[in-house]
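Just below is one structure, and these are the notes that go with it.
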Amino acid sequence: MSNEGVIYRISGPVVTATGMSAAMYDVVRVGHEGLMGEVIELHGEKAVIQVYEDTSGIRPGEPVLNTQETLSVSLGPGLLTQIYDGIQRPLPTLEKEMGVFITRGVDADAFDLEKIWTFEPQVAVGDEVVGGQVIGHVQETETIIHKIMVPPTASGTVKSIESGDFNVTQTVCVLEDGTEMQMMQKWPVRTPRPFQQKYAPDTPLVTGMRILDFLFPLAKGGAAGIPGPFGSGKTVTQQSLAKYSDAQLVVYIGCGERGNEMTEVLDEFPHLIDPNTGKPLMERTVMIANTSNMPVAAREASVYTGITIAEYFRDMGYDVALMADSTSRWAEAMREISSRLEEMPGEEGYPAYLSSRIAEFYERAGRVETLSGDDGSVTVIGAVSPPGGDISEPVSQGTLRIVKVFWGLDAGLARQRHFPAINWLNSYSLYPQSLDQWFRDNISQDFPEVRTQISGLLQIESELQEIVQLVGSDALPTDQQLTLEVARMIREFFLQQNGFHDVDAYCDIHLQYRMAKAILSFQDAAKSAMANGAQLNDVVNVPSRSDLMRARLEKGYIDVIDSMVETMTAEIADTVEEN
Amino acid sequence: MTGKEYRTITDVKGPLVFLNKTEPVAFGEIVTLRLSNGTIKNGQVLDTSDDLVIVQVFEGTSKIDREAGVTFMGDVFKLPVSTDLVGRILDGAGRPRDGGPEIVADEKADIIGAAINPYSRQSPNDFIQTGVSAIDLCTSLVRGQKLPIFSASGLPHNDIALQIARQAKLKDSDEEFIVVFCAMGITAEEYNFFRSDLERTGALENAVLFVNLADDPAVERIITPRLALTAAEYLAFEKDYHVLVIYTDMTNYCDALRQIGAAREEVPGRRGYPGYMYTDLAMLYERAGIVKGKKGSITQFPILTMPGDDITHPIPDLSGYITEGQIVISRELHQQGIYPPINVLPSLSRLMGSCIGEKTTREDHKSVSDQMYAAYAQGRELRGLVAIVGEDALNERDKQLLDFSGVFEDKFLRQTRDEDRSIEETLDLCWTLMSSIDTKYLVRLEQTWIDKYHPDNKA
């Protein structure tokens, strides 16, 4: 059989070809227009293909060409600041080729193959190199050095190495066995890139969001799931993470979501400054946008494209964060393809392999020793959009079984305009034990204890609230009323955070700690004042407390917070004498 | 291939016709069927292979037998478009319904439409003043947005949609919208209501109507919104108009989708709706927006009725995940006699942040909106508590908030069907109403705005 066949059947994005030799996951070109597709099933002579572009107008009998390659991404200098569709075609190039509407049959290089980069060699002639070893540096953006690595499968002795200006397809290094290396390499998206070993995570991914960093921290190299109904702020949370988390590189996958939201990100990111480096955020970002109305098969591929790019940067020794918004759309793409294949469905029509695919995807997260011995990590944060907000559905459950951090968004909180609408009672993180040492060493010795006190107060509040619902708050003893007041302060002053506010959107981790301490100081001062006869009403209404709370929206809060707390405790102490 | 007539029908099932042994037929190709009694029906290819072709018939399959002749037209479904469309009433398949002449086409546009490249979109940020306080303050509409109305049977969603269509304008501008109205399976009565209102206000001259009524073929509903959006895209992106697309009722559309899925024996998703319904709805909703280098825009107002008032039903649920917010109509408020009965608490406009503030509406808009919302939400919550413990158990703050929730509904929400409040009037009204609450409880208002706008300070 040859590598050319003909179309037998077309049903939406699924095309069947006959007369072609094919292997699973071979990339094929379908029809006269050469639409890109991938072999996903073989039946005797017939190969079933999922096509990444719209298939209307295609007829049986048109040619199909097998490229004999698997779906791969191009990796090399030029990736950063790019915005791709699900199969790594740059959207700006598509606009140039086909105008504002995405038509089909257009091929585009992942990045400019002609662009000249300055290659600085890091090895010399005669050096032994192994797969994954860094052979040279390219300053890709102001903040990021792109490390050129030996492809994972190659190794040998360096016969020659260049230095100076090259484009990504020119050979920069030759090994004794004749292997030529360019700055660009390819990697199949469905195969995880190799590494030496996985480490246990011990450093938090600091996000600048108080509820996340303080109560439910995520480790670099960890995986988190954010399930939530619509309107609860999944996308805003994901975008905040992309903006402010202290990862060195960010891969943002807009998977089956709104077009206008991607546009917002595209408009906003070039103007935003990374609080950790002071450089534009775009310089550390790769974006993948496959909106809900773009072809469904490309949506299925988009998360793999994204995570392969993330792993590539991890192999250079970087900490990479990957946001996938939303993994439910990816699962639905699998469901749609599966139903076109007439596969026997599992739960809710999803294919039976859904949970294993989800697990495989999240398992590509991790902190690793790279092939060259560096320390790198990929942190994966996946949004989940459960129908009706009910997380007993298969995608949420498949995700929760594998991730260690669960940030549960709550429609009720969103309705109260409590943002981020993360429910502090049912969310969890399994990382505190492994991260506590870091917090003790870098923030404060008593950081874990302060966290326990804060979350304990919230827990007590929820129990008290049940009583209040029945009898009203006035029926409680004053010390419990004070606890309610302190918990309200935690919620309104600490947990609520305005993701759109210039100052409040990002909260330094040191400041987070001091704000938490301020709340505890209030509690202590109020308790001792009330023990000495002060009235609850006077204590909670001291003006300096609302000043303290309002001031968090001002710049330089970290410089004044301690003195404001002193003023507040003094005023509270004064309420004793008034009586 | 056009012109060759096949008489090879093997099966007819629901809206689908199966036939074998044809020349290669394109996926999505348009088909005409000639019945033995001379009737012509139209359809579209859903599945094609060397052996078997599945055709979905728009007008229903009644009277189709195995003798019917099937002709493949060699092309996918296209709508003839030109500016002549404006002022016309067409049926659900794009044929004149008003007795007027056929549309003379400037060009023929593929009705499936192509996805807008996200890179080529322009962020919507022009505030549209609807004159309805609840919407303008709490769920501000932006040009290029898709903002559905989540309603239920027996609620006045049509009045609200029409009021918006009548009053919507850019602030400080007379620029009008072209209304593209798309009816899917609504009753003749509802349709007459829409039409006569558009006629009464003269808006019909600036509108295009695509009408598929309840007794028209259900399958036709699959293409009706696509025709409407194709017309909208042409008017917006070729002819520079600002287009407001109102479609009603999305629930009927989804039911038609389910009907076809069932006939094809597809594996159903939740409540029997097809697993690809999310993608299918996205192909409609995502056709809203503004693109770089084009002057026009498409703003969408889909109306859907939630079966059993259930917002977690797949239709509102999937819609909510695609659209940029939602306006929720409340039966409770309606029964209290409040019009428009918009429940602002579950309502949301995702694009609001980009269109309000000093430059577009007023500097205090965001704070006022947050405060009004928060106070109302707390007041509503207290009603539940009062029912158990009585009003006397409330403290001063709670009492004020409880009273405010009533005022909010009576004075802020309530307005007449032709009352067109400017955003300044709305904001001033908010300040007046909020003055019933002690300032120290209004924690979401910045001091600057209190100094500037609070009635106590203004006087």
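Scaled to the compact-protein estimate 2.2 N^0.38 Å, what is the alpha-carbon radius of gyration of region B:296-349, rounded to two decimal places? Write down the numbers at each step before the final one.
Details: Rg = 12.3 Å, N = 54, 2.2 N^0.38 = 10.0 Å.
Taking the Cα Rg and dividing by 2.2 N^0.38 Å, one obtains 1.22.
Suppose every K and R has +1 on its Cβ and every D and E has -1 on its Cβ; what is the size of the dipole of region B:304-436 about the Cα centre, in Debye to the nearest 20?
I would put it at about 160 debye.
Sort out for me the Cα centre separation of region B:297-342 from region B:1-74, rounded to whole Å.
38
Reachable aspartates and glutamates from residue B:4, Cα under 12 Å, same-chain residues fewer than 8 places away excluded?
B:23
Here are some pairs, A:96/B:292; B:146/B:295; A:243/B:359; A:46/B:13; B:108/B:294; B:359/B:440; which of them have Cα atoms lying more than 22 Å apart in this structure?
Table pairs above 22 Å Cα-Cα are A:243/B:359; A:46/B:13; B:359/B:440.
Which is farthest toward the positive dipole end of the protein assembly as shown among A:113, A:408, B:323, measuring Cα position about the Cα centre, with Cβ charges +1 (Lys, Arg) and -1 (Asp, Glu)?
The one lying farthest along the dipole's positive direction is B:323.
Along Cα→Cβ, 7 Å out, is where each label goes; now give me the distance between the ones at residue A:375 and residue A:460 in nm to one decimal.
Output for this residue pair reads 3.8 nm.
Distance between Cα centroids, region A:358-406 to region B:143-165: provide it in whole Å.
Cα centroid of region A:358-406 versus Cα centroid of region B:143-165: 39 Å apart.
Binning every alpha carbon pair distance of region B:304-446 at 5 Å from zero, what are the percents per bin?
Final binned percentages: 2, 8, 16, 19, 20, 17, 11, 6, 1, 0.
Any idea what log10 I(q)/I(0) is at q = 0.09 Å⁻¹ for the protein assembly as shown, Debye with uniform C-alpha scatterers and no solvent?
Taking Cα atoms of the protein assembly as shown as identical point scatterers yields -1.08.
Arranged by the count of other C-beta atoms within 10 angstrom, fewest first, what order do A:407, A:424, A:117 take?
A:424, A:117, A:407
Taking Rh as the Kirkwood radius computed over C-alpha pairs, what is the Stokes-Einstein D of region A:132-271 at 37 °C in a medium of viscosity 0.692 mPa s, expressed in µm² per second?
It diffuses with D of about 175 µm²/s by this estimate.
Give the average, rounded to an integer, of partner chain Cβ atoms located within 10 angstrom of each Cβ in A:344-355.
Other-chain Cβ atoms within 10 Å of each residue's Cβ, averaged: 2.
Calculate, in whole percent, how much of the Cα-Cα pair population of region B:113-243 lies beyond 23 Å.
So the pairs more than 23 Å apart make up 38 percent of the total in region B:113-243.
Please report, in whole Å, how far the alpha carbons of chain B spread along each principal axis, starting with the longest.
82, 48, 41
Calculate the mean, over all residues of peptide B:48-57, of how many other protein chain Cβ atoms lie within 10 angstrom of the residue's Cβ.
3
Normalised radius of gyration for region A:1-138, please: alpha carbon Rg relative to 2.2 N^0.38 Å, two decimal places. Don't skip to the end; give the middle numbers.
Working: Rg = 18.9 Å, N = 138, 2.2 N^0.38 = 14.3 Å.
Taking N as the residue count of region A:1-138, the ratio is 1.32.
Quick one: if you stick a label point 7 Å off each Cα along the C-beta vector at residue B:397 and residue A:113, how many nm between them?
6.6
Which one of B:388, A:490, B:37 is farthest out on the positive end of the charge dipole of the protein assembly as shown, using unit charges on Cβ (Lys, Arg +1; Asp, Glu -1) and the Cα centre as origin?
Highest projection toward the positive end goes to B:37.
Taking the Cβ-Cβ separation of residue A:43 and residue A:273 as r and a Förster radius of 45 Å, what is the calculated FRET efficiency to the nearest 0.05?
After rounding to 0.05, the efficiency reads 0.25.
Please sort B:185-195, B:19-29 by packing, taking for each peptide the average over its residues of neighbouring beta carbons within 10 angstrom, highest first.
Details: B:185-195: 16.3, B:19-29: 20.1.
Put in order of decreasing packing, that is B:19-29, B:185-195.
Can you give the direction-averaged projected area of the convex hull of the alpha-carbon atoms in region A:462-577, in nm²? Before the final figure, lay out the partial values.
On the way: hull surface 30.1 nm².
In nm², the orientation-averaged hull projection of region A:462-577 is 7.5.
What does the C-alpha gyration tensor say about the overall shape of region B:97-176? Classify as rounded when a/c is under 1.5, otherwise prolate if a/b is larger than b/c, or oblate. Don't skip to the end; give the middle numbers.
On the way: a/c = 1.75, a/b = 1.28, b/c = 1.37.
Taking the square roots of the gyration eigenvalues as a ≥ b ≥ c, region B:97-176 is oblate.
Would you please calculate the Kirkwood hydrodynamic radius of region A:345-473 over all C-alpha pairs and express it in Å, rounded to one decimal?
Values: mean 1/r = 0.0554 Å⁻¹.
Kirkwood radius, region A:345-473: 18.1 Å.
Based on alpha-carbon atoms only, what is the radius of gyration of chain A relative to the globular estimate 2.2 N^0.38 Å? It would help to have the intermediate numbers written out before the result.
Working: Rg = 27.3 Å, N = 579, 2.2 N^0.38 = 24.7 Å.
So chain A has a normalised radius of gyration of 1.11.
Could you estimate the translational diffusion coefficient of region A:312-398 from the Stokes-Einstein equation, with Rh from the Kirkwood formula over C-alpha pairs, at 10 °C and 1.306 mPa s, in whole µm²/s?
Translational D for this selection: 110 µm²/s.
How well do other chains shield peptide B:24-37, expressed as the mean number of their Cβ atoms within 10 Å of each residue Cβ?
On the way: counts 8, 4, 9, 15, 7, 4, 0, 0, 0, 0, 0, 0, 0, 0.
That average works out to 3.
Helix-only estimate, please: 222 nm mean residue ellipticity of chain A, summing -39500 (n - 2.57) across DSSP H runs of length 4 or more and dividing by its residues, to the nearest 500.
-10500 deg cm²/dmol
Aspartates and glutamates near residue A:555 by alpha-carbon distance under 16 Å, same-chain residues fewer than 8 away left out - which ones?
A:502, A:504, A:508, A:547, B:446
Which whole-percent values make up P(r) of region A:97-207 when all C-alpha to C-alpha distances are grouped in 5 Å steps starting at zero?
2, 10, 17, 17, 16, 14, 10, 8, 4, 2, 0
Once you charge only the Cβ atoms, +1 for Lys and Arg and -1 for Asp and Glu, what is the size of the charge dipole of chain B about its Cα centre, to the nearest 20 debye?
Here the size comes out at about 640 debye.
Can you give me the relative contact order of chain A as a percent, contacts being Cα pairs under 8 Å and 6 or more apart?
Once divided by the residue count of chain A, the mean separation gives 13 percent.
Just to confirm my numbers, what's the Cα centroid distance between region A:414-436 and region B:363-402 in Å?
26
Read the figures in this text as sums done on the coordinates, not as results from a lab. Computed from a prediction, not measured in an experiment: that's the story for all the values here. Neighbour counts run over all protein chains shown; Cβ positions are idealised from the backbone, glycine included.
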